[in-house]
Amino acid sequence: MNENIGPYHVIDLPPVRRVLLSFIDLFSWRHCIFGLLEVDVTVAKQFMDDYQVRTGERLSFTGYLTFCLARAIDEDTSVQAYLKGRKQLVVFDDVDVLMIEHQIGQTRVPIGHVIRRANHKTFMEIHREIRALQAGPNPPRKEAPSWLRLLTLLPGPLTKLVNALIRMAMRRDPAGMWVAA
């Protein structure tokens with residue numbers, strides 16, 4: 001098992017779901033989902049404002065959203081399941097959330113940081129992890145791997161072929177494709 005991911009188990013995909021996947025593949029060129037979600041966060045914002053007045057510390061709203069997301073996914077981990085081949089699903093037991101932005105000068109930039117096992121952490125643990133990362137030194141800028149830069153130079157049809165090959169490799173071994181963040 002890849003040490004960069006937590007425990008997972010593989011389950012068989014029910015035949016009726018396999019038929020659905022075949023049907024979806026017929027329209028793969030149309031896989032677009034748009035959604036608009038409205039959530040009332042008045043109570044959470046009020047709590048954070050009150051906490052800041054009491055302690056002087058500003059709580060992370062991103063941490064709050066991460067906490068809520070991790071708890072919701074933990075209730076039904078199949079929403080983060082990964083297709084392995086055409087007949088199996090890989091279901092991860094832990095919820096890892098990739099996120100965080102960092103202030104560099106006057107600009108906020110996204111950096112890759114994975115909050116591991118977010119479904120087992122309290123809001124304050126997630127908040128402290130985010131603040132520790134933000135307070136730390138600016139992460140070194142990494143150059144894209146040379147193979148990735150070469151992919152950007154490929155003409156459209158070859159790009160689609162390479163993407164299909166990568167997807168095929170990911171379906172064969174989803175856990176092997178994850179890289180430490």
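A few remarks follow.
- Pairing residues of region 73-96 that are closer than 14 Å to HIS120 by Cβ with residues that are open to solvent by less than 60 Å² (accessible area, probe 1.4 Å) and part of a strand (DSSP E or B), at Cβ distances under 6 Å and at least 6 apart in sequence or on separate chains, gives THR77/VAL91; ASP96/VAL114.
- Only one of the numbered conditions (1) among the aliphatic types (A, V, I, L, M); (2) modelled with pLDDT of 95 or more; (3) within 23 Å of the chain's Cα centre (by Cα) is not met by VAL53, and that is (3).
- GLU125, sole failed condition from (1) modelled with pLDDT under 80; (2) open to solvent by 80 Å² or more (accessible area, probe 1.4 Å); (3) in a helix (DSSP H, G or I): (1)
- Residue pairs meeting the criteria (Cβ under 6 Å; at least 6 apart or on separate chains; first within 23 Å of TYR51 (Cβ to Cβ), in region 105-133; second in a strand (DSSP E or B) and open to solvent by 70 Å² or more (accessible area, probe 1.4 Å)): ARG108/GLU101
- Unmet criterion (only one of (1) at pLDDT 75 or above; (2) over 21 Å from CYS68 (Cα atoms)) for ALA144: (1)
The values are calculated or read from the model by the stated rules, or taken from the named source; none is laboratory data. Model, not experiment: these values are computed from the prediction. Counting neighbours? That spans all protein chains shown, and the Cβs are built from the backbone with ideal geometry, glycine included. Accessible surface areas use protein heavy atoms only, side chains included; no ligands, DNA or RNA. Shrake-Rupley method; radii C 1.70, N 1.55, O 1.52, S 1.80 Å.
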